[in-house]
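Following: one structure in structure tokens, then a few remarks.
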Amino acid sequence: MLYKTLDLSILVIAAMFFIGILAFDYSIFGLHEPIIPISYEWKFFFDILIWPLIILLIMDLTLKYKKTKNPKKFIKKYWIDITMLILIPIFSVFKILKIGLSVVKKLKTAKMGGKIAHKTKKMSKK
């Protein structure tokens, strides 16, 4: 019963996590508008979903490993769960990179604006 409850919880939270990606991080997939329109006030909720998901996945895999007690059998039987535990943080890295790239673009724009202002000020003094 515990395994089924844990699996169902993981499934629900993972589905909500990917709904959040489709609603707020649609540019990762090369889209120009969200697939699922959700109010921006919900973004924080979807952003923190990764932590309970990872914790539940680790708990689930730990219990399943203790049940099988054989590494080869464990990997063969639960490879999808292991893959999911690996891929979810990778999606988060894409989100962080997207935020980082937007900050870099804004800094470059500000730098260029500063150069233009400096040149304009310098030219007006002549």
(request) Once you've got the Cα coordinates, tell me which of K43/K67; K4/K69; K4/K77; K43/K66; K4/K43; K4/K66 are over 26 Å apart. (result) K43/K67; K43/K66; K4/K43
(message) If you take every residue apart from S9 with its C-beta less than 14 Å away from the C-beta of S9, what net charge results, scoring Lys and Arg +1 and Asp and Glu -1?
(response) -2
(request) Once you have the Cα-Cα distance between S9 and L31, take 0.36 nm times their residue separation minus that, and quote the gain in nm to one decimal. (result) 5.0 nm
(message) Within a 10 angstrom radius of the beta carbon, how do S27, S39 rank from fewest other beta carbons to most?
(response) S39, S27
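No value in this document is a laboratory result; all are computed from the given coordinates. Owing to the predicted nature of the structure, the values given are computational and were not obtained by experimental measurement. Methodologically, a virtual Cβ is constructed for each residue, glycine included, from the backbone with ideal geometry; neighbour enumeration extends over all protein chains shown.
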